[in-house]
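> Starting off with a structure, shown below.
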Amino acid sequence: MSDKIIYKDGKLVVPDKPVILYIEGDGIGVDITPAMIEIIDAGVEKEYGQGRKIEWKEILAGEKAFKQLGLYLPDETPKLIEEYRVAIKGPLTTPIGGGFRSINVTLRQVLDLYACIRPVSYIKGVPSPMKEPEKLDVVIFRENTEDVYAGIEFPAGSPEANSIIELLKTMKKNVTPGASIGIKPMSKQGSERLIRMAIRYAISHNRKSVTLVHKGNIMKYTEGYFKTWGYELAAREFGDVTVTEDAVGEGARSEGKVIIKDRIADSMFQQLLLRPDEYDVLATPNLNGDYLSDAAAAQVGGLGMAPGGNLRDDVALFEATHGTAPKYAGQDKVNPGSILLSALMMLEHIGWEEAANRIKYAIGKAILDKKVTYDLARQIGNVEPLKTSEFAKAIISNL
Ligand code: NAP
């Protein structure tokens, strides 16, 4: 019998036949989402036989929701995600025209999914601009609700901008008259919950370090405090299982402990290129994480294969990180890699790592055999591209 996933005493309780929600997605959603479901079902069955099975339940958002219900995001959709705890989505179009906010951003905000998680690691055979792309294996935890996402801006010359400039004058802060004004709030609780999730992940996944990525040398009380709050939290809540890089430098023992370190954001970009194997879990405020996630994904072959998830403690929404690629919609052509790897994150999230690993191997083998969709075929060169459905069959045959 299928059943709901529940959250009890700080943990997910996952039945053997859990209901998992999916949003098909607009554009190429019709191609990649069914392929993902077919592969996941085959992998789960191969691993667990009849013992475990996902009961997929479709929920509506985007153009499909608009056609059926006249709304791009029905109220019921976030409510169901909250109720069922785990969901996965294809890409959604941001409707063009006044008054529409991105459905993706709305879902994150309505559900307070405060962490955007992007694992970035190399799959052998994927074309990459790096000499040794396999050296990069990081998981980026990006704060999803504050910083520039909660930014307040006023245009140059507006009464609001001018009155803030006047107010600042009374605090002995001079701003060029007529300047545009932007404010980015970052709170202790907002930073701490993100960093806490990153440290917990590092501990439970036997990761070596958590790096706090910030621009605190310039923005002392936002980015700088993100770093300070992070170190304080690690010492206060995880003091017995973490140790700082500085303490290790002074001779502290680090065996079995997660090392907490920090890097200034610009240096972090260099480090990921020059010394990628020294980094593991990264925790970053919103804007740094935005840049860093895509730059890191490029090192291992680009966004086409980059998975992602948006989480809070008790709810997770996994997603394809690319858009709806409307010109390819319904052509059975594009790469389902991003939503598929996001589904593997989802399997790990519910504790079905064995199935995730089996499917990961099968994807890797298909790519090594050059059985790939057009985007990878074009980069590898001299390879006949497979359709989305053929790529799915190739993966399933490797299970
Ligand atoms: P896009 O849909 O990501 O497509 C840009 C290009 O990326 C495509 O033309 C294609 O490149 C490549 N691509 C994307 N997905 C691919 C896949 N699965 N397999 C192979 N190649 C893939 O970006 P966009 O054209 O800027 O955005 C289109 C719509 O998507 C917009 O409405 C935007 O708002 C929305 N969007 C949604 C999300 C989301 O839901 N998370 C994210 C981003 C954008 P080639 O043309 O070179 O083959």
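> What's the local net charge at Leu311, with K and R +1, D and E -1, over the other residues with C-beta under 15 Å away? Write down the numbers at each step before the final one.
Details: positive: Lys11, Arg85, Lys89, Arg108, Arg118, Arg142, Arg193, Arg196, Arg200, Arg312; negative: Glu82, Asp112, Glu143, Asp313, Asp314, Glu319, Glu348.
Cβ neighbours under 15 Å give a net charge of +3.
> List the residues of the stretch 346-379 whose backbone N lies under 20 Å from a point placed 7 Å from the Cα of Ser397 along the Cα-to-Cβ direction.
358-378
> Now, a different point. Go ahead and estimate [θ] at 222 nm for the chain from helices alone: -39,500 (n - 2.57) per DSSP H run with n ≥ 4, summed, over the residue count, rounded to 500. Intermediate values should be presented prior to the final figure.
Details: 14 runs with 164 residues, N = 399.
Rounded to the nearest 500, the figure is -12500 deg cm²/dmol.
> Could you calculate the FRET efficiency of Glu160 with Arg101 from 1/(1 + (r/R0)^6), where r is the beta carbon distance between them and R0 is 25 Å, rounded to 0.05?
Efficiency, from the Cβ-Cβ distance: 0.75.
> Cα centroids of the stretch 305-326 and the stretch 122-161: how far apart, whole angstrom?
Cα centres, the stretch 305-326 to the stretch 122-161: 14 Å.
> Could you give the angle, 0 to 90 degrees to the nearest 10, between helix 188-204's Cα long axis and the longest principal axis of the Cα atoms of the chain?
Approximately 40 degrees, to the nearest ten.
> Could you check how much of the accessible area of the stretch 50-160 is carbon and sulfur, as a whole percent, using a 1.4 Å probe? Display every interim value, and only then the final one.
Numbers: 2860 of 5510 Å².
Accessible surface attributable to carbon and sulfur in the stretch 50-160 totals 52 percent.
> How much length is gained on full extension from Asn357 to Ala295, taking 0.36 nm per residue of separation minus their Cα-Cα distance? Present the calculation step by step, with values, prior to reporting the outcome.
Numbers: separation 62, 0.36 × 62 = 22.32 nm, distance 2.53 nm.
Full extension of this stretch gives 19.8 nm more.
> Please give the Cα centre distance for the stretch 32-54 versus the stretch 370-399, rounded to the nearest Å.
20
> On a 0 to 90° scale, report how tilted helix 337-349 is relative to the longest principal axis of the chain, with both axes built from alpha carbons and the result rounded to the nearest 10.
Approximately 80 degrees, to the nearest 10.
> Related question: With a 1.4 Å probe and all protein chains kept in place, how do Arg253, Arg101, Arg108 rank by accessible area, largest first?
Working: Arg253 175, Arg101 135, Arg108 30 Å².
Heavy-atom accessible area, descending, gives Arg253, Arg101, Arg108.
> Can you tally the net charge around Thr33? Count Lys and Arg as +1, Asp and Glu as -1, for every other residue whose Cβ sits under 12 Å from the Cβ of Thr33. Don't skip to the end; give the middle numbers.
Working: positive: Lys64, Lys89; negative: Glu24, Asp26, Asp31, Glu38, Glu58, Glu319.
Net charge in that neighbourhood comes out at -4.
> Note down the magnitude of the dipole of the chain about its Cα centre, charges +1 on Lys and Arg C-beta and -1 on Asp and Glu C-beta and zero elsewhere, to the nearest 20 debye. Can you show the working numbers first?
On the way: 50 positive and 54 negative charges, 76 e Å.
So the dipole magnitude of the chain works out to roughly 360 debye.
> Anything over 24 Å Cα to Cα? Flag those among Lys184/Lys215; Lys184/Lys257; Lys184/Lys227; Lys135/Lys188; Lys220/Lys261, in the order listed. Provide the component values of the computation, followed by the final result.
Values: Lys184/Lys215 13 Å; Lys184/Lys257 34 Å; Lys184/Lys227 16 Å; Lys135/Lys188 33 Å; Lys220/Lys261 17 Å.
Pairs exceeding 24 Å: Lys184/Lys257; Lys135/Lys188.
> Calculate how steeply helix 159-170 sits against the longest principal axis of the alpha-carbon atoms of the chain, using the helix alpha-carbon long axis, and give the answer as 0 to 90 degrees to the nearest 10.
Rounded to the nearest ten degrees, it is 50.
> What is the chain's relative contact order, in percent, from Cα pairs under 8 angstrom and six or more apart in sequence?
Numbers: 794 pairs, mean separation 90.3, N = 399.
Once divided by the residue count of the chain, the mean separation gives 23 percent.
> Still on this model: Fully extended, how many nm does the chain gain between Asp266 and Ile203 (0.36 nm per residue separation, minus their Cα-Cα distance)?
Working: separation 63, 0.36 × 63 = 22.68 nm, distance 2.65 nm.
Result for the pair: 20.0 nm of gain on full extension.
> Another question, if that's okay. Calculated FRET efficiency, Ser254 and Leu69, Cβ-Cβ r, R0 45 Å, to nearest 0.05? Provide the component values of the computation, followed by the final result.
Working: r = 55 Å, r/R0 = 1.22.
Efficiency computed from Cβ-Cβ geometry: 0.25.
The values are calculated or read from the model by the stated rules, or taken from the named source; none is laboratory data. Only a predicted model underlies this, so the values are computations on that prediction, with no experimental measurement involved. Here the Cβ is made from the backbone with ideal geometry for all residues, glycine too, and neighbour counts use every protein chain on show. SASA here: full protein model, heavy atoms, side chains in, ligands and nucleic acids out. Shrake-Rupley method; radii C 1.70, N 1.55, O 1.52, S 1.80 Å.
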